[in-house]
Each structure stands twice: as C-alpha cells, then as structure tokens.
1. Scanning the range 191-219 for residues that are open to solvent by less than 30 Å² (accessible area, probe 1.4 Å) and part of a loop (DSSP other than H, G, I, E, B), which turns out modelled with the highest pLDDT?
2. Is it the case that Glu186 is part of a strand (DSSP E or B) and among the acidic types (Asp, Glu)?
3. Given the options Asp87, Asp76, name the one that is acidic (Asp, Glu), within 18 Å of the chain's Cα centre (by Cα) and closer than 18 Å to Ile206 by Cβ.
4. Determine whether Pro171 is exposed (fewer than 14 other Cβ atoms within 10 Å of the Cβ) and either among the acidic types (Asp, Glu) or modelled with pLDDT of 95 or more (or both).
5. Just give me the residues in the range 98-127 being under 25 Å from Gly207 (Cα atoms) and not aliphatic (A, V, I, L, M), in sequence order.
6. Within the range 186-214, which residues are more than 16 Å from Thr144 (Cα to Cα) and in contact with a Leu (Cβ under 9 Å, 6 or more places away or on another chain)?
7. Residues in the range 13-50 that are among the charged types (D, E, K, R), within 23 Å of the chain's Cα centre (by Cα) and exposed (fewer than 13 other Cβ atoms within 10 Å of the Cβ): how many?
8. Report yes if some residue within the range 111-124 is open to solvent by less than 20 Å² (accessible area, probe 1.4 Å), at pLDDT below 95 and either among the polar types (S, T, N, Q) or touching a strand residue (DSSP E or B) at 6+ places or on another chain (Cβ under 7 Å) (or both); otherwise report no.
Amino acid sequence: EIGAGSDPGVYLLDGETDDDLRTAARDFFGSARLRLAAGTAGFAEYLAELADLPRAVRSRWPPVNSCLVVSGSMHDVSRQQIQHAKDVGWSSFRPEELLASISPPTWCLVDTGAPVGMAGPLLATRTGATVRDLLRHIDFDAATVFGGDTAFGIVSALGGPPLYPLGEVLPGVPVSSIRAASLGSEIPGRGRDLCFISKAGGFGPIGLLTLLRKALECC
C-alpha cells in the first residue's frame, strides 16, 4: 500500500510471515523515497541478502584462552545456560574472589550480584563498573556478556569505545573487537585488543558457553 504517491512519514508494517519480511526488504531497496529501515533480525537477514556491500572471506577468529563471562539477562534461557556451565564444571566467582586469586582461571563466570530492588539501567551501570575494575586487574582475552542492557553498561564503563564486528561465531552470538588504544583511559596499560562477545537473553542452546569456548579457544 506504500507507493510513490505516499506522504512523507514513518510507516509501520505488520509482518506476519517470512514472505512479508522479504517483500518489505525488497520494496525498501526498490524505493527512491524510503530512507531508513528498522526491524527484527529476520528483516535484517533479508536486507543483508539485497544490500550491495563488499563481500570478503572472514579472517580467523582471534584466539580466546581466557574469558570473563557475565550474565545480566533475566531470561530463562540465559539462566539455564549459566547453570549448565556450572553443572559441567565451569568455575563461578564473586568479583572479590577473582581479584584475590593468585592465578585467575581461563574461562570463568562472574557473579556480580544484584542488590535487592536494583534492576534495569542502574544495575547495568553497576555491573559495568565491576567488569571494568576486573579487566583493570586481570588481563582477560575477552568478555562474554548476556543481555543488551548489561552489554551497554559495560561498554559505557569502558568509555564508550567503538566496537568493530568480526562476525557471528554462533547463531545470535556476534564477536567484536575493542581496540586497545580506545581503552587507555579506563584500562591503562592494556597493550592488546579486547574481544567482546555478546548475546541477547533468549538466544542459543543450553550448552552455548561450551560451544563458544570450543570455537574460540583453539583458534
């Protein structure tokens, strides 16, 4: 129904099927009037198929032999993934326990804790500060973060550096790089890039962390 004679404005399309998303993406690229699109991951997939962007073979994943895993997601899927990791032998620490450890573990979970009544952006900001302090003292190769608010809180605590996407290591799990030079104000003395792995709460199988470690640890 959106044609060449439509008035300028914002149009909300009710996509109920994959065909709806495909049609919306095709019409967006075929329009001389539509300038900006926003939508779901499914819509983005069809946009990516149509976009005339430079294509290249992805380089090897950066090796991740030590990783700090932080979950701020309240989603049941994330909770089950964290519990499964503990069940198969992953170590879980409070921040003060990690700071006191003589030989920090390679891949580990950190339980940042949540004060009663604290949630949302305030909790994300607190978690971000905790993770920043841990990265100042322990030279992890990477940080893996569950939950969008938590990821935003951590990146903000690191000074809001640019994230350079490297690819999707597992479905719904992108890997990015934060350049060492952009971390200087918040993590003085870090001489190498930080690998930043993020995941929305409801994504992935129960054994996601084990799969992630297997994919990145041996690169």
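1. Going through the qualifying residues, I end up with Gly207.
2. Working: part of a strand (DSSP E or B): no; among the acidic types (Asp, Glu): yes.
No.
3. Numbers: Asp87 fails: within 18 Å of the chain's Cα centre (by Cα).
None of the other options fit; the residue is Asp76.
4. Details: exposed (fewer than 14 other Cβ atoms within 10 Å of the Cβ): yes; either among the acidic types (Asp, Glu) or modelled with pLDDT of 95 or more (or both): no.
When the stated conditions are applied, Pro171 does not pass them.
5. Pro104, Pro105, Thr106, Trp107, Cys108, Asp111, Thr112, Gly113, Thr127 - these are the residues of the range 98-127 that are under 25 Å from Gly207 (Cα atoms) and not aliphatic (A, V, I, L, M).
6. Kept after step one, since they are more than 16 Å from Thr144 (Cα to Cα), are these residues of the range 186-214: 186-192.
Answer for the range 186-214, where residues must be more than 16 Å from Thr144 (Cα to Cα) and in contact with a Leu (Cβ under 9 Å, 6 or more places away or on another chain): Glu186, Ile187, Arg190.
7. Within the range 13-50, the first condition is being among the charged types (D, E, K, R), and the residues that meet it are 14, 16, 18-20, 22, 26-27, 33, 35, 45, 49.
This time we only want the ones that are within 23 Å of the chain's Cα centre (by Cα), so: 45, 49.
Next cut, exposed (fewer than 13 other Cβ atoms within 10 Å of the Cβ) only: 49.
Adding up the residues that qualify gives 1.
8. Within the range 111-124, one or more residues are open to solvent by less than 20 Å² (accessible area, probe 1.4 Å), at pLDDT below 95 and either among the polar types (S, T, N, Q) or touching a strand residue (DSSP E or B) at 6+ places or on another chain (Cβ under 7 Å) (or both).
The values are calculated or read from the model by the stated rules, or taken from the named source; none is laboratory data. Please read all numbers here as calculations on a predicted model, not as lab measurements. Positions of Cβ are generated from backbone atoms using ideal geometry, with glycine treated the same way; all protein chains shown enter the neighbour counts. Side chains included, ligands, DNA and RNA excluded: accessible areas come from the protein's heavy atoms. Shrake-Rupley method; radii C 1.70, N 1.55, O 1.52, S 1.80 Å.
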